[in-house]
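K.L.:
I have a structure I would like to understand better, so I am pasting it below and will then ask my questions one at a time.
The values are calculated or read from the model by the stated rules, or taken from the named source; none is laboratory data. What you are looking at is a predicted structure, and each value in this text was computed from that prediction instead of being measured. FYI the Cβ positions are ideal-geometry reconstructions off the backbone, even for glycines, and counts take in every protein chain you see.
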């Protein structure tokens, strides 16, 4: 049997970090994932998927992601239930994230740029966990699109990508 989910989307609000009574961190967030097709009016709809991540990755999500951040989630679907205040059984389906990838620099979703062309105030901390590249290497690769430059930022238009354009 197989239960594997891979999602890429934007956070709809800042992650919520809590701790269990034993002190284990847990973060919850909702990911807005665009559908691969448009509706009859030509508009692209999105699914809003609840995600849960535990322990150190939960603290990292709370520290580095915020509303609008682009993130990739690798995990599994989990369904749980509990008794609601009205006495009825409530069922919740969510993604239990085993891995959360930060897909853009920390401050790029806010559109902040300094005069040096890099995002944020700290050049070496834009990519947490050693994902940043040497600044000189960035400046010397003029023939390549920088990963942190979004050519569609602030465009306001939806992007129509067919399944044939995706590598998987």
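K.L.:
Please find, among 55, 89, 80, the residue that is free of Cβ contacts under 8 Å to residues at least 24 places away in the same chain and within 25 Å of residue 2 (Cα to Cα).
P.N.:
Numbers: 55 fails: free of Cβ contacts under 8 Å to residues at least 24 places away in the same chain; 89 fails: within 25 Å of residue 2 (Cα to Cα).
After applying the criteria, what remains is 80.
K.L.:
For residues that are modelled with pLDDT of 90 or more and touching a helix residue (DSSP H, G or I) at 6+ places or on another chain (Cβ under 8 Å), scanning just the range 23-61, find the one that is farthest from residue 73 (Cα to Cα).
P.N.:
Out of the qualifying residues, it is 24.
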